[in-house]
1. Quick one: would you say L985 is in the same structural domain as A640 (by the TED database), closer than 25 Å to G656 by Cα, open to solvent by 10 Å² or more (accessible area, probe 1.4 Å) and in contact with a Ser or Thr (Cβ under 7 Å, 6 or more places away or on another chain)?
2. Can you say whether I352 is within 19 Å of L293 (Cα to Cα) and open to solvent by 10 Å² or more (accessible area, probe 1.4 Å), as far as the supplied structure shows?
3. Check whether at least one residue in the range 218-229 is open to solvent by 10 Å² or more (accessible area, probe 1.4 Å), touching a helix residue (DSSP H, G or I) at 6+ places or on another chain (Cβ under 7 Å) and either in a strand (DSSP E or B) or of a type outside the set (S, T, Y) (or both), and report yes or no.
4. Identify, by number, the condition in (1) modelled with pLDDT of 75 or more; (2) surrounded by fewer than 18 Cβ atoms within 10 Å (Cβ to Cβ) that F132 doesn't meet.
5. Can we say T695 is in contact (Cβ under 8 Å) with a residue 24 or more places away in the chain, part of a helix (DSSP H, G or I), of a type in the set (S, T, Y) and in contact with a helix residue (DSSP H, G or I) (Cβ under 8 Å, 6 or more places away or on another chain)?
6. Any idea how many residues of the range 168-203 are part of a strand (DSSP E or B), hydrophobic (A, V, I, L, M, F, W, C) and either touching an Asp or Glu at 6+ places or on another chain (Cβ under 8 Å) or at pLDDT below 80 (or both)?
7. Kindly list, by first and then second residue, each pair from a residue in the range 941-958 that is part of a helix (DSSP H, G or I) to a residue that is of a type in the set (D, E, K, R), limited to pairs with Cβ atoms under 7 Å and residues at least 6 apart or on different chains.
8. Which is touching a helix residue (DSSP H, G or I) at 6+ places or on another chain (Cβ under 9 Å), open to solvent by 20 Å² or more (accessible area, probe 1.4 Å) and modelled with pLDDT of 80 or more, of L358, L371, L322?
Amino acid sequence: MAPSSKNLQLTKVAGAGEDSGDLEDVRLLDSYEDGDSFNKIEEGMRKVQVRVTGMTCAACSNSVESALNSVNGVVRASVALLQNRADVAFDPNLVKDEDIKNAIEDAGFEAEILPEPGTFGTKPHGSLVGQFTIGGMTCAACVNSVEGILRDLPGVKRAVVALATSLGEVEYDPTVISKDDIVNAIEDAGFEGSLVQSSEQDKIILGVAGIYTEMDVQILEGILSHLKGVRQFRFDKLTREVDVLFDPEVVSSRSLVDGIEAGSNGQFKLNVKSPYARMTSKDVAEASNMLRLFTTSLFLSIPVFLIRVVCPHIPRVYSLLLWRCGPFQMGDWLKWVLVSLVQFVVGKRFYIAAARALRNGSTNMDVLVALGTSASYFYSVCALLYGAVTGFWSPTYFETSAMLITFVLLGKYLECLAKGKTSDAIKKLVELAPATAVLLTKDKGGKCIEEREIDALLIQSGDTLKVLPGTKVPADGVVGWGSSYVNESMVTGESVPVLKEVDSSVIGGTINLHGALHIQATKVGGDAVLSQIISLVETAQMSKAPIQKFADFVYICSLLLGLLSMAGGGFIQSKAIVQMTVASIFVPTVVGLALLTLLGWYIGGVLGSYPKQWLPEHGNYFVFALMFSISVVVIACPCALGLATPTAVMVATGVGANNGVLIKGGDALERAQKIKYVIFDKTGTLTQGKATVTTAKVFTGMDRGEFLRLVASAEASSEHPLAKAIMDYARHFHFFDEPSATKDAQNNNKETNSGWLFDVSEFSALPGQGVHCFISGKCVLVGNRKLMTESGITIPTHVEDFLVELEESAKTGVLVAYDYNLIGVLGVADPLKREAAVVVEGLGKMNVRTVMVTGDNWRTARAVAREVGIQDVMAEVMPAGKADVVRSFQKDGSIVAMVGDGINDSPALAAADVGMAIGAGTDIAIEAADYVLMRNNLEDVITAIDLSRKTFARIRLNYVFAMAYNVVAIPIAAGVFFPSLGIMLPPWAAGACMALSSVSVVCSSLLLRRYKKPRLTTILEITVE
């Protein structure tokens, strides 16, 4: 779980004696001319960085700066318009951070105090994000109840609860409220709560092996008490786990483990418990507990059922049951005792949860179960007592409450199993990470002096790790020694093993196939690729699709239709139902329906509306009506509706992750099914992004080698893909090397550059045009027509004709000018991806229109579009203008998707209804995109849209089933069809139907696990013989 960005950290400004490297880290605002002097402020001063939103021009930044400088105690303030940030140095004795924020807001802008970019172990002082397990939630009403309670807590800024995962994510201020307070609030609401993990990395849970006696426990506690940085600890004797709260600024998690093991002289062996593994074990424990409760209830309920149904047909047994023992018969005593155990021992959880919910002013399914079973149980008790006093014996219905609780618990158990399978995607991702790693210790000379096995969760950035053949790479890093092929399919989806050599990057969780590698860890913990993938999937599963709000409407409609059906039966008349959220009305509405059913049947019987022959033996009108009302109470719970959307979204996001398509939320998943336009970027998206120079033509007397050396010198400082292609071509020409033999030259650019490139001054890259610099005092321009025209350079006719020829063959022409004279042209080709044309045709078959947008010239753009089959083309578009292209297609309300490489396309990805970043295998955290396509393959665009369509088809099917269930079941439970068809639904059968409805909806969602990526041959209707 990624830490929140809304943290506050005030850092004492470095004095003159501190390391200059730290000063470089503190300085964020590159636009400051006096950036270094800003950091050199007086001792005792503080500096804070503030994000300022709402600034549009230089006047705005000047206004903010003036407002800050006018605050008494502010030493210096600098504002950067482009970065939307301000650096403020102030005297903490006179000014607080809130005063700075208020000053900016008073000037008419929004302000947010930012944390200083810290290193590992920095302790956050602002908002924290905690993830909590919430047990006992059964329906959408439970979710809304918990969310409402959490959001009302002081210090809580945001709370999101997911029914399918039984998780809640809470952003809170630790200075106002603690994690324990949040857990207590969850438990007071009638649910079970516990902390899973927090963005504040100050807690570690360790499994301890080697503890056998109470003396061993005291030794462990003594070691922890004497370790520096340990704030608090608690040892659980049952699980043999110790929870340690520590100060990460004083001690690291690995030092903590090493200290405990060293202090025990090797007696204790520790292993770090993963939060996800603990969540999985809790899921298993919850399912086991439900199974235990169900089997106990079933074991106690079967005799009650046999006494009522089977024993009357066995004379000897029945005579024993009729034997009077005190005021009651033996059969009555047996039923009372057995059902009391079921009602108050097994069913205690329903009473506890219902009481807590009612105490907090909320209602849930537990209230209905407790209400229905209590009505049946206490009526039966009263009937017995009344018979003992008056001698008039009415029938009892003990078996109703017992069987009802049994079937509800069966449904809960099956639901636990089914919901557990919906989170298989995260479990599989967690299992990709290896449990241990081999840490290498080196001396000052870089020689390995020791290697030892450590827990993979204790790896720190900068560690050197040994990866043996056939084992998993333990962390993201860079290869420092060795070469091997690595299978990255489990992370990126690419099936072909990738060669890894020195300086190659590796991803944690991938499999090393052949040779041994030494890697240096660069990203660990939450920064690792695998962790971010898990975080993305988890966030998506926590999110709620807009269609989920439709559940409220569906439930209202089903209740309304149920009422109309009942009114048609002549028992109930209803004028209106006020549409409100399910959370606030479903229990009162159900209770109201039950009371109307009770009164309808009771009054109808008293008035003679139906014959006495309908009554059970020895029964009366009240008991007859009561059974109908209990059935209504039990069957009307909207659990199936509450599970219809979240379970399907959860399974879909997991299936997407398994297929290399990461979905950032249910809302993105819902929008994707309605996509009408898909806009493709050209370079790196439709093309391979591996540009190569195919032509180099000189139009003056300059030597070809000198020309290439001049162009390479100008492009050496550029990061553009075309610049890299030109550099490779020029380097190959200069050294006369084969591409495979230029590795040494490429790996040591500084030495190579100093050997053959010209010295360059005043270099500047002009987005959408090219580069501009000076070599030997003369201006060098490398770029497109626009750059030449704006620089006053005329393009001769023969050069223009050569450019047109290049562009019509789908190549990009790069013009070169020296001393304001055009001297040559380079032709650069970027091959199309082999699947591009087929994917474009496939999208057309799916009724999705394709558009290409590029900054390249019109001729090249049209040639590429013609080759892939795209009709709509937008060329010569600046990076910022791509967002305007997206908006132009959105004007008629169409849903527009943008597919880009996530580098220059961020504005367009953010502007699109659905942004898809493609080929981002090592750049997961692309905030602008809604989908991250791990593989560099356009077929995943079709997969993303197809998965969305199939998911929401499944959700609609779930809603149809859930609504039909309520529409049909409520009238049957209320006895609408009893007069004409003789159909009656006993309360225990109503409980079974209610439980199975939820299970069936979850199982319906689980069918999405069988999803297969669409075959292009099927989409294109191609027959393969």
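1. Values: in the same structural domain as A640 (by the TED database): yes; closer than 25 Å to G656 by Cα: no; open to solvent by 10 Å² or more (accessible area, probe 1.4 Å): yes; in contact with a Ser or Thr (Cβ under 7 Å, 6 or more places away or on another chain): yes.
Taking the combined requirement at face value, the residue does not satisfy it.
2. Yes; evaluated as a whole, the condition is true for this residue.
3. So far as the range 218-229 goes, yes, one or more of its residues are open to solvent by 10 Å² or more (accessible area, probe 1.4 Å), touching a helix residue (DSSP H, G or I) at 6+ places or on another chain (Cβ under 7 Å) and either in a strand (DSSP E or B) or of a type outside the set (S, T, Y) (or both).
4. (2)
5. Spelling it out, it is not the case that T695 is in contact (Cβ under 8 Å) with a residue 24 or more places away in the chain, part of a helix (DSSP H, G or I), of a type in the set (S, T, Y) and in contact with a helix residue (DSSP H, G or I) (Cβ under 8 Å, 6 or more places away or on another chain).
6. 2
7. Listed by first residue and then by second, the contacts come to T943/K1013; F952/E670.
8. Testing whether each residue is touching a helix residue (DSSP H, G or I) at 6+ places or on another chain (Cβ under 9 Å), open to solvent by 20 Å² or more (accessible area, probe 1.4 Å) and modelled with pLDDT of 80 or more leaves just L371.
The values are calculated or read from the model by the stated rules, or taken from the named source; none is laboratory data. Predicted model only: the values in this text are computed from it and were never measured. Neighbour counts run over all protein chains shown; Cβ positions are idealised from the backbone, glycine included. To get the accessible areas, we keep the full protein, side chains included, count just its heavy atoms, and leave off ligands, DNA and RNA. Shrake-Rupley method; radii C 1.70, N 1.55, O 1.52, S 1.80 Å.
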